[in-house]
Each structure stands twice: as C-alpha cells, then as structure tokens.
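Student: A single structure is presented below for examination.
The values are calculated or read from the model by the stated rules, or taken from the named source; none is laboratory data. In this text the structure is predicted, and so the values were computed from the model without any measurement. Please note: Cβ atoms are built from the backbone with ideal geometry, for glycine as well, and neighbour counts cover all protein chains shown.
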Amino acid sequence: MMDRNRSGARDIAARIPVIGWDRQTKQDKLDAFILKVFPGFVVVFGVIAILVFLFYWDGLTVGHLLYSLGAVYAGGFVLLGIPAFILSESDVVKARYSVPFIIVAWLAISSVLWFVFGDGEDTVNHFVSGFSNFLNWSVHSVTFWTVLLGMLVLILIVLFASYGILSVIVAYFRKDYHRIMLSLIKPGDSRLKRSATKLFAVPSIIDVTDVTIEPESDDGHFNIGLFKSLSCNTVVAGLIVASYLFLNPVFLDTISFTEMMVTLILISLFLNVLIIPISILKSLKAEAWSAAPRPFVLWKGMKSRMFQGYVFVFLMLTLLWICLYSGQDMVRVVLSYIGYIVFIIMMSALTSFVYVNTFYVGFKNGIVRNFTAEYGERKKRN
C-alpha cells in the first residue's frame with residue numbers, strides 16, 4: 001500500500017478498464033448546447049423573475065422574491081428540459097419499459113391520494129388539483145379527476161425539470177470536475193486549490209501528493225444500487241428542508257399548507273445540485289494520497305462539508321421543541337409531513353431514474369476521459 005501511495009509515476013489510464021470510455025457523442029453535443037445557452041438562460045429568466053416580483057405581488061417581501069425566483073427558474077428548467085430530453089444519451093432502460101411503469105405509478109399515487117385525503121380544501125389533493133387548473137390553487141372544486149390530471153401535470157413538470165437541471169449539472173461538472181480534483185496536487189497555493197481543499201474538506205495536515213480514480217465499469221446495465229442511494233439521499237435532504245418549514249412556528253402561522261407545498265416542491269427540484277456531485281465522486285472512487293498509510297476519500301470529505309448531520313438533528317429538535325411550546329397544531333404538522341413524503345418519494349425516484357438511466361454513464365465517462373488526459377499531461381511535464 002505504501003508503494004502505491006508514494007509512487008507518483010503510476011499510470012492512471014493503465015488501471016482503468018478499456019471499455020470505450022465516452023464512446024457516444026450525444027452527451028458532448030448536449031454539453032456544448034448547455035454551456036452555450038445557460039448563461040443567457042440565467043439572465044433572461046432572472047429578469048423575468050424580477051418582473052414577476054415587481055408587478056405580480058401586492059407586497060414586496062424577501063419571501064415573494066425567493067418565491068418568484070424559484071417559480072420562474074423552475075419553469076425555465078422545464079423548458080430547458082425539452083431540448084435536453086431530445087439531445088440526451090440513449091436510455092439504459094428503454095421507454096417501452098419505463099413509460100408503462102410511470103403510468104401505473106401515476107394512477108396508483110392518484111388513487112391513494114384520493115382515497116386517503118378526499119376532497120378537503122387545505123389538503124394534499126387541493127394542492128395537486130391546482131396543477132390541473134393552470135397552477136391556480138384558488139380552485140375549490142377537488143375531484144378524483146382533478147387529482148388525476150393534476151398529478152399527471154406535476155409528474156411531467158418534475159420529469160422535464162429533471163432533464164433540464166441534470167443536463168446543467170452534468171455539463172459543468174463534466175467539464176471542470178477533473179481540474180478541481182487535480183488541483184489538489186498542483187504546486188503552489190492557487191485559489192482553485194484552496195477552494196478544492198475546502199470543498200473536499202481535506203485536513204490541513206495532509207500534503208496531497210496524488211489523486212486517483214477507479215471508476216465503476218457498469219456500461220449497459222441500470223445501476224440499481226446508485227438509484228437506491230440517490231433516491232434515499234434526496235428523500236433525507238428533502239425531509240430536512242421540510243422540517244424547517246413544517247416545524248417553524250413562523251411559517252405555520254403565516255402560510256397555508258398549499259403555499260408550503262409549492263415552496264417545498266420548488267426547493268426539492270434543485271436538491272440534486274448538492275447530491276449528485278458527491279455521488280459521482282463515490283462512483284469514481286476518487287481518493288487523495290499523501291504520506292499517510294490510507295488515502296483520503298474525497299466523496300466522504302465533500303459530504304461532511306455539505307451535510308453536517310449533527311447540525312440538522314439539533315435544528316430539528318430545537319424547532320420541534322419551539323413548535324410544541326408555542327402550542328402549534330401537531331395534527332397539521334403530521335399531515336403536512338405525510339403529504340410531503342408522498343411527493344418527495346415520487347420526485348426523488350423520478351429524478352434518480354432519469355439520472356441513472358440517461359446521464360450517469362456519459363457523465364462518469366466524460367470525467368474519466370478528461371481526468372486521464374490531464375493526469376497524463378501533468379506526469380509528462382513532471
């Protein structure tokens with residue numbers, strides 16, 4: 001192990017299986033498209049969000065500004081998801097198998113929601129029915145058909161927004177992630193190296209001498225383990241965010257259940273921005289080597305940087321205590337959690353499926369290609 005650790009001249013490419021990394025070009029074309037249009041996308045939809053904030057709301061508050069930004073950018077990513085869907089890689093699980101499963105899930109979820117919550121006005125079904133009325137939650141008529149149609153609209157929004165958001169994550173990280181990792185062994189103390197050290201939470205006492213990857217070789221197969229891991233992590237992250245709303249007396253006293261759910265759905269669409277960069281590091285088995293007998297695992301460091309578990313537990317317990325002390329309706333809190341759990345499970349499963357089925361292989365292989373090329377160039381220079 002020590003020989004491997006200290007051998008700065010080992011050849012990364014020789015240890016990566018020759019299976020035609022990044023053999024498909026559709027992901028490259030999609031990346032080029034995203035990198036070209038996304039800066040303009042940010043500006044255009046940012047302006048639209050500001051206009052909505054200024055002219056749609058009666059009162060101009062920070063909450064209205066955040067709501068406007070979230071809603072407008074979510075709509076923008078739905079639109080961006082259409083060309084991303086067309087230009088994306090070939091699916092591992094073909095549409096003739098996945099589409100019927102999604103239809104069955106849509107019918108099953110809609111039926112369960114109807115039989116559990118009925119036609120109540122301030123319930124999950126009222127929230128879902130708003131999607132069947134052009135996103136108008138002032139509708140008071142809740143029927144099985146409005147729930148069915150609303151759930152279909154919500155699924156389509158999540159589906160295409162997932163394609164849009166994932167295509168942006170993949171394009172930018174595929175382009176630059178190898179540079180961020182390899183900056184850890186770059187001589188000197190550059191800004192990128194300092195940022196990478198903080199991002200991966202590399203201890204200051206470690207003098208990184210090498211960075212290696214040993215990617216999984218699973219081309220042609222749907223990675224069920226990765227799908228389960230992403231889905232679970234998304235659900236956990238979503239529940240942490242939900243707890244801040246559902247257990248916060250300020251929100252419980254000032255906003256309705258429907259407004260809470262809309263806010264949470266908007267936030268939940270973007271959770272993958274935090275989760276996927278960590279997940280791909282784990283799939284790459286990226287490690288930083290030093291004089292220590294064991295390597296520093298980059299994905300674990302990055303996860304500890306972004307998700308301090310004890311902080312979230314402390315926050316949730318504190319909010320729960322405040323909620324109980326202030327005499328909040330705990331039945332409403334519990335029902336809010338139940339309603340959100342239904343949606344976060346559906347959203348996490350759908351977005352994780354899209355990522356694993358469409359983006360994962362091209363994402364991973366693109367990073368491997370770029371990492372191997374730059375690693376080889378650096379070894380030649382040294």
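Student: Mind listing whichever residues of segment 43-57 are under 14 Å from S68 (Cα atoms) and at pLDDT 90 or above? Before you say what the answer is, go through the steps one by one.
Tutor: Going through segment 43-57, the residues under 14 Å from S68 (Cα atoms) turn out to be 44-57.
Result: V44, F45, G46, V47, I48, A49, I50, L51.
Student: Which members of segment 50-70 meet the condition of being crowded, with 18+ Cβ neighbours inside 10 Å and within 17 Å of F270 (Cα to Cα)?
Tutor: Y67, S68, L69, G70 - these are the residues of segment 50-70 that are crowded, with 18+ Cβ neighbours inside 10 Å and within 17 Å of F270 (Cα to Cα).
Student: For a quick check of your reading of the model, give me the residue pairs whose first member lies in segment 193-222 and is more than 30 Å from V93 (Cβ to Cβ), whose second is of a type in the set (S, T, N, Q) and surrounded by fewer than 17 Cβ atoms within 10 Å (Cβ to Cβ), with beta-carbon atoms closer than 7 Å and at least 6 apart or on different chains.
Tutor: A201/S304
Student: Check V124, V47, V128, V116 and return the single one that is free of Cβ contacts under 8 Å to residues at least 60 places away in the same chain and closer than 18 Å to V153 by Cβ.
Tutor: Details: V124 fails: free of Cβ contacts under 8 Å to residues at least 60 places away in the same chain; V47 fails: closer than 18 Å to V153 by Cβ; V116 fails: closer than 18 Å to V153 by Cβ.
Exactly one residue qualifies, and that residue is V128.
Student: In addition: Surrounded by fewer than 19 Cβ atoms within 10 Å (Cβ to Cβ) and farther than 30 Å from I338 by Cα: which single residue out of D176, D119 fits that description? Full working, then the answer.
Tutor: Numbers: D119 fails: farther than 30 Å from I338 by Cα.
Of D176, D119, the one residue that is surrounded by fewer than 19 Cβ atoms within 10 Å (Cβ to Cβ) and farther than 30 Å from I338 by Cα is D176.
Student: Report whether or not I322 is part of a helix (DSSP H, G or I), modelled with pLDDT of 60 or more and either aliphatic (A, V, I, L, M) or more than 20 Å from the chain's Cα centre (by Cα) (or both).
Tutor: Taking the combined requirement at face value, the residue does not satisfy it.
Student: Select the helices (runs of 4 or more DSSP H) contained entirely in segment 192-298, then report the ones holding at least 1 residues which are within 24 Å of the chain's Cα centre (by Cα) and modelled with pLDDT of 90 or more.
Tutor: Correct list: 224-246, 272-284.
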